[in-house]
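**Q** Would you mind keeping the following structure in view while I ask a few things?
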Amino acid sequence: MKQYLSTIEEREQLEIELLLETMYRISGFDFREYMRSSIERRIQHRMRLEQIPTISRVIEKVIHEPGYIEKLLSDFSINVTEMFRDPSFFLTFRKQVVPLLRHYPEIRIWHAGCATGEEAYSMAILMEEEGLGDKTKIYATDMNEKVLKKAESGIFSLKKMQTYTRNYLQAGGKQEFSEYYTTDYAAAYFHPSLTRNIIFAQHNLVTDGSFNEFHVIICRNVMIYFNQTLQDSVHDLFYESLSQGGFLGLGNKEALRIDYDRKLYRDFNPIERIYQKC
C-alpha cells in the first residue's frame, strides 16, 4: 500500500526540495545542500512579505514570473558583514601571519563569500599599513552579482563608520580611520586607491572550482549555512587552492573537520580559527 505524506511538515519539506531543485535547474545556483533551517527561514520571510500562502505558489512564481528568481537568490545569499569584523582576528593576522608573508614576492589572498566587501577593504587597509599593499592581490568573490557591485563601489553607510572605526582601532589600526574615506551627509566613500589590487568576481562555492593558488584564504561565517556534505566539499576546494604553508581563516563559529582536516593543517591560532596548510 502506498504511503502518503501524513503531516503538513512533511509536505512542506517536499515543497522546499522541489523549490530548490527548480531554482537549480533554472539558474544553476544550488542551495540543495544548505542548512535547511536557514533556507526555511528565508523562504518564510519572502512568503510573509508577499502574503504567499504556500511554497508551491512560490515555485509557480519562480517558473512563470520573469525576474522572480532573482528575489529568492538575493534572499538566500549571506550578506552579513562589517569592516574589521571580529577585530581580534585581524589583530592576530597582522601580528602573526603578516610577518610570514613579507618574504613572498607576491601575496595572493582570497576572500570567499565576501558579500558587500567590507572585509576585503579591511584587508587592503591592513596590508597597506604593513607596507605590503603593492605586492598584495586580493580576490573578493561572492555568488551574488548585486552585492559585488555594491562592494566595487566602495560606498558604505555613514551610520556604520563609528562601529568600523572602533573595530579598526581594536585591530591594530595605525592611522585615523577617517583618512581612508570621504563623506557626505549619507555615505562614506572609500578611496579608489584601496581597490587598485582588489579583484571582485562572481564565484559560487557550491558549484565552481579552484581558480588560482593562494597564500591566504579567508571564509568567515559562511559555511555555518552549509550542511556537512557541502562543508566537506568546500574544505576540499580550499585545501586544493592553498599553497604549501598557506593560511586558512574561518569564522568564530566554524572549525576544521576533526577526523580529516586536522591531518592537513596545523593549528596556527585555534582561538582565532587560523590554520596553516602542512
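The values are calculated or read from the model by the stated rules, or taken from the named source; none is laboratory data. Treat the numbers as computed from the prediction; the structure is a model and nothing was measured. Here Cβ is always computed from backbone atoms with ideal geometry, including for glycine, and neighbour counts include all displayed protein chains. Note: areas computed on protein heavy atoms with side chains; ligands, DNA, RNA excluded. Shrake-Rupley method; radii C 1.70, N 1.55, O 1.52, S 1.80 Å.
**Q** Of (1) open to solvent by less than 80 Å² (accessible area, probe 1.4 Å); (2) touching a residue at least 24 places away in the same chain (Cβ under 8 Å); (3) in contact with a helix residue (DSSP H, G or I) (Cβ under 7 Å, 6 or more places away or on another chain), Gly28 satisfies all except one. Which?
**A** With (1) open to solvent by less than 80 Å² (accessible area, probe 1.4 Å); (2) touching a residue at least 24 places away in the same chain (Cβ under 8 Å); (3) in contact with a helix residue (DSSP H, G or I) (Cβ under 7 Å, 6 or more places away or on another chain) applied to Gly28, the lone miss is (3).
**Q** So, one more: Suppose we keep only residues that are in contact (Cβ under 8 Å) with a residue 60 or more places away in the chain and in a strand (DSSP E or B) within segment 166-198. Which one would you say is surrounded by the fewest Cβ atoms within 10 Å (Cβ to Cβ)?
**A** This residue is Phe190.
**Q** Could you tell me which numbered condition Ile78 fails, if it satisfies all but one of (1) open to solvent by less than 80 Å² (accessible area, probe 1.4 Å); (2) assigned to a helix (DSSP H, G or I)?
**A** Unmet condition: (2).
**Q** What about Thr163, is it among the β-branched types (Val, Ile, Thr) and either under 20 Å from Ile198 (Cα atoms) or open to solvent by 80 Å² or more (accessible area, probe 1.4 Å) (or both)?
**A** For Thr163, the condition - among the β-branched types (Val, Ile, Thr) and either under 20 Å from Ile198 (Cα atoms) or open to solvent by 80 Å² or more (accessible area, probe 1.4 Å) (or both) - is not met.
**Q** Any residue that is open to solvent by 30 Å² or more (accessible area, probe 1.4 Å), of a type outside the set (Ser, Thr, Tyr), closer than 24 Å to Pro270 by Cβ and assigned to a loop (DSSP other than H, G, I, E, B) - is there at least one of those in segment 48-64?
**A** no
**Q** Any chance you could count how many residues in segment 151-179 are more than 21 Å from Phe90 (Cα to Cα) and at pLDDT 95 or above?
**A** The number of residues fulfilling the criteria is 3.
**Q** Are any of the residues in segment 108-115 of a type in the set (Phe, Trp, Tyr), within 27 Å of Thr182 (Cβ to Cβ) and out of contact with any helix residue (DSSP H, G or I) (no Cβ under 6 Å at 6 or more places or on another chain)?
**A** Checked segment 108-115: no residue is of a type in the set (Phe, Trp, Tyr), within 27 Å of Thr182 (Cβ to Cβ) and out of contact with any helix residue (DSSP H, G or I) (no Cβ under 6 Å at 6 or more places or on another chain).
**Q** Confirm whether Val206 is touching a Leu at 6+ places or on another chain (Cβ under 6 Å) and either at pLDDT below 95 or in a helix (DSSP H, G or I) (or both).
**A** no
**Q** Looking at this structure, is Arg196 among the charged types (D, E, K, R) and in contact with a His (Cβ under 6 Å, 6 or more places away or on another chain)?
**A** no
**Q** Ok, one more. So, in segment 199-208, of the ones that are touching a helix residue (DSSP H, G or I) at 6+ places or on another chain (Cβ under 8 Å) and open to solvent by less than 80 Å² (accessible area, probe 1.4 Å), which residue ends up nearest to Asn144 (Cα to Cα)?
**A** The first filter runs over segment 199-208 and keeps only residues touching a helix residue (DSSP H, G or I) at 6+ places or on another chain (Cβ under 8 Å), leaving 200-202, 205-206.
Within this subset, residues satisfying the condition of being open to solvent by less than 80 Å² (accessible area, probe 1.4 Å) are 200-201, 205-206.
Details: Phe200: 11, Ala201: 10, Leu205: 11, Val206: 13 Å.
Result: Ala201.
**Q** Would you say Val222 is within 28 Å of Arg32 (Cα to Cα), in contact with a Leu (Cβ under 7 Å, 6 or more places away or on another chain), modelled with pLDDT under 95 and not charged (D, E, K, R)?
**A** no
**Q** Based on this model, can you work out whether His215 counts as modelled with pLDDT under 95, over 19 Å from Gly28 (Cα atoms) and either assigned to a strand (DSSP E or B) or open to solvent by less than 40 Å² (accessible area, probe 1.4 Å) (or both)?
**A** no
**Q** Run Gly67 past the list (1) at pLDDT below 95; (2) surrounded by 13 or more Cβ atoms within 10 Å (Cβ to Cβ); (3) over 19 Å from Ile138 (Cα atoms) and report the number of the one that doesn't hold.
**A** Answer for Gly67: the failing condition is (2).
**Q** With respect to the numbered conditions (1) loosely packed, with under 14 Cβ neighbours inside 10 Å; (2) touching a strand residue (DSSP E or B) at 6+ places or on another chain (Cβ under 9 Å); (3) of a type in the set (A, V, I, L, M, F, W, C), which one is the sole condition not fulfilled by Ile8?
**A** (2) is the only condition that Ile8 fails.
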